[in-house]
1. Counting only residues that are of a type in the set (Ser, Thr, Tyr) and crowded, with 16+ Cβ neighbours inside 10 Å, which one in region B:57-84 is farthest from the other protein chains (Cβ to nearest Cβ)?
2. Out of the residues in region B:75-102 meeting the condition of being touching a strand residue (DSSP E or B) at 6+ places or on another chain (Cβ under 8 Å) and β-branched (Val, Ile, Thr), tell me which one is nearest to B:GLN2 (Cα to Cα).
3. For region B:1-34, give me each residue that is over 14 Å from A:PRO43 (Cβ atoms), of a type in the set (A, V, I, L, M, F, W, C) and assigned to a strand (DSSP E or B).
4. Among the residues of region B:85-94, is any in a loop (DSSP other than H, G, I, E, B) and within 14 Å of another protein chain (Cβ to nearest Cβ)?
5. With the condition kept exactly as written, say whether any residue in region A:40-52 is modelled with pLDDT under 95, farther than 24 Å from B:SER92 by Cα and assigned to a loop (DSSP other than H, G, I, E, B).
6. Is one or more of the residues making up region B:11-32 open to solvent by less than 50 Å² (accessible area, probe 1.4 Å) and touching a helix residue (DSSP H, G or I) at 6+ places or on another chain (Cβ under 8 Å)?
7. Report, by residue number, each residue of region B:38-56 that is over 13 Å from A:GLY109 (Cα atoms) and either crowded, with 16+ Cβ neighbours inside 10 Å or among the aromatic types (Phe, Trp, Tyr) (or both).
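The values are calculated or read from the model by the stated rules, or taken from the named source; none is laboratory data. Quantities reported herein were computed from a predicted structural model and do not represent experimental measurements. Counting neighbours? That spans all protein chains shown, and the Cβs are built from the backbone with ideal geometry, glycine included. Remember, those area values only see protein heavy atoms, side chains included, never the ligands or the DNA or RNA. Shrake-Rupley method; radii C 1.70, N 1.55, O 1.52, S 1.80 Å.
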Amino acid sequence: DTEVTQTPKHLVMGMTNKKSLKCEQHMGHRAMYWYKQKAKKPPELMFVYSYEKLSINESVPSRFSPECPNSSLLNLHLHALQPEDSALYLCASSPTGGAPSRGSPLHFGNGTRLTVT
Amino acid sequence: SQKIEQNSEALNIQEGKTATLTCNYTNYSPAYLQWYRQDPGRGPVFLLLIRENEKEKRKERLKVTFDTTLKQSLFHITASQPADSATYLCASTTNAGKSTFGDGTTLTVKP
């Protein structure tokens, strides 16, 4: 088990549905991330929150809407998705958003497997 | 943008041998490089991190090197075991905390 918890583990949704992915960590980390991973591909960065503020948006379509209600929680709201959005969505956290003087490894959850029909 | 190349999609070795995985970056020198292990259906798990001013880091049977001249990191697993079979990802991280991952190398250790 990881220290980053993602729910649900699996999600099937239609293209007209609205759903949310949730992520929680209690390690006191101040940076949280959303990554998307397609089969046999590396994780691709979508969003970074640092101290509860959005610091990086990798030109993600607006049908994906992130939210960071507090330092422990991260949500990803989904609306009007396309079948090509089907993937494993990974949440990660790190002590800080960068801090190269100390290094900030990412702690990943096990992801939500999303299927858009 | 940064491009990370891991030279082998798959690597098969015999138990007890040393596995060596390669990671090359093409543009700017990263603040640090990280290595992760990913098992099927699971999220990546952090293994080792090396900063741009470091040459080598070790942790138990793992060793990572960083050569800024060659723009390359090598990841070694000594005395490999079947349980080491997994996909290993290299990631380049900037000062802003943005990490770019390579495609990974799938290691299979045969008994």
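1. Ranking the qualifying residues of region B:57-84, first place goes to B:SER80.
2. The selected residue is B:THR100.
3. B:ALA10, B:LEU11, B:ILE13, B:ALA19, B:LEU21, B:CYS23, B:LEU33
4. yes
5. Scanning region A:40-52 turns up no residue that is modelled with pLDDT under 95, farther than 24 Å from B:SER92 by Cα and assigned to a loop (DSSP other than H, G, I, E, B).
6. Yes, some residue in region B:11-32 is open to solvent by less than 50 Å² (accessible area, probe 1.4 Å) and touching a helix residue (DSSP H, G or I) at 6+ places or on another chain (Cβ under 8 Å).
7. B:LEU47, B:LEU48, B:LEU49, B:ILE50, B:ARG51
Residue by residue, here is whether (1) free of Cβ contacts under 8 Å to residues at least 12 places away in the same chain; (2) buried (at least 21 other Cβ atoms within 10 Å of the Cβ); (3) within 14 Å of chain B (Cβ to nearest Cβ); (4) out of contact with any strand residue (DSSP E or B) (no Cβ under 9 Å at 6 or more places or on another chain) holds:
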{"site": "A:PRO43", "(1), (2), (3), (4)": "no, yes, yes, no"}
{"site": "A:ASN57", "(1), (2), (3), (4)": "yes, no, yes, no"}
{"site": "A:SER65", "(1), (2), (3), (4)": "no, no, no, no"}
{"site": "A:CYS68", "(1), (2), (3), (4)": "no, no, no, no"}
{"site": "A:SER72", "(1), (2), (3), (4)": "no, no, no, no"}
{"site": "A:GLN82", "(1), (2), (3), (4)": "no, no, no, no"}
{"site": "A:CYS91", "(1), (2), (3), (4)": "no, yes, yes, no"}
{"site": "A:THR112", "(1), (2), (3), (4)": "no, yes, yes, no"}
